[in-house]
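Structure record follows, encoded as structure tokens.
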Ligand SMILES: *Cc1c(COP(=O)(O)O)cnc(C)c1O
């Protein structure tokens, strides 16, 4: 029996995608092979790769002057790869600090450049996104880096920051494809696939073409965006099976009606959960309302001694991975694209029931 999986990542996948992958496991489209057995340069895999790229471009309306790269190393590798690819002739970068993932990006970037923290929400324990007017940007910065959805803190940008001529770089790992975005507002968008796009092992980088000439000479070839763009992400062997499954997720998203349609569902799911959280004092979400994440909803029980009982009861009802990140404790419900609204409804009903018994 399948559970409702609230994991922050690797995370729930659409069941249809898993069924298709299972059905095609031994013989992909009459090729007599599993996708994982194919040469990445063979015509079968090239067709899978090209379709995944085209479908992704269509879903996110990625303009023609942006390259889509299917790399490896995850968002954590990109924390180093981003500065290496953008720092040529510059030595400073601006970072906005909205929580745990921003902090990691900043720490890594300091190995490569002078980091100016242009704004931070640390003063209120990372419970909001600092307003654009408060950012203190550097004129000569190579780029401005933001994490548009803080997976641990549950803080999400509901707007696209304007950084003028300085390219905006966004770690979108945990909310990419969950909402309509204006790609042209960004210089670079990156994220690991394992939250909302597919299996772990695939890293998506979307980069504006004019930014491909800014890499430091020391940039490793496998992480050099321009070289990877010229080689269709095949400087090294890409994560072929993960790309195939992500491609199935893109087809599933098309069948759902595209990003606009999935965004409406995500809004409904998030509202269901937040409305209940706001109506009770038994559970608490500390994030400022207008900056709350639709994808990751952290909450605490007002009485922490009940945490174990809460998790145990959830598991008995088929809901798993609700334990909050070790750095913040409490609970966290990640409700990505593939989480059906029934999952959220089941969770809210359980939370109400638990409150009645223990409140
Ligand atoms: C999960 C996550 C990461 C880490 O991704 P890896 O694939 O483990 O490198 C980085 N940033 C954000 C916002 C995340 O959600």
task: Using the number of other C-beta atoms within 10 angstrom as an exposure proxy, rank 163, 92, 203, 127 with the fewest first.
output: 92, 127, 163, 203
- line: Among the range 271-309, those whose backbone N falls under 17 Å of a label point 7 Å along Cα→Cβ from residue 123 are 288
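Rounded to the nearest 500, what is the 222 nm mean residue ellipticity of the chain from helices alone, with -39500 (n - 2.57) per DSSP H run of 4+ residues and division by all residues?
-11000 deg cm²/dmol
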- prompt: For the range 40-190, what is the convex hull (Cα atoms) projected area averaged across all directions, in square nanometres?
  reply: 9.7
- prompt: Taking other Cβ within 10 Å of each residue's Cβ, how do 121, 327, 105 sort, fewest first?
  reply: 327, 121, 105
- prompt: Kirkwood hydrodynamic radius of the range 215-266 from all distinct Cα pairs, in Å?
  reply: 13.4
query: Rounded, prolate or oblate: which fits the range 284-347 when a ≥ b ≥ c are the square roots of the eigenvalues of the alpha-carbon gyration tensor, with rounded for a/c under 1.5 and prolate only if a/b beats b/c?
result: oblate
message: Out of all Cα-Cα pairs in the chain, roughly what percent, to the nearest whole number, are more than 33 Å apart?
response: 30
message: Taking the number of other C-beta atoms within 10 Å as the exposure measure, put 177, 33 in order starting with the fewest.
response: 33, 177
message: Between the range 286-338 and the range 81-145, what is the separation of their alpha carbon centroids in Å?
response: 28
statement: Expected unfolding gain across residue 51-residue 346 under the 0.36 nm per residue rule, minus the alpha-carbon gap, is 102.6 nm
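Quick note: the coordinates plus some simple rules give every number you see, no bench work behind them. Computed from a predicted model, the values in this text were never measured in an experiment. Reconstructed Cβ throughout: ideal geometry from the backbone, glycine too, with neighbour counts over all protein chains shown.
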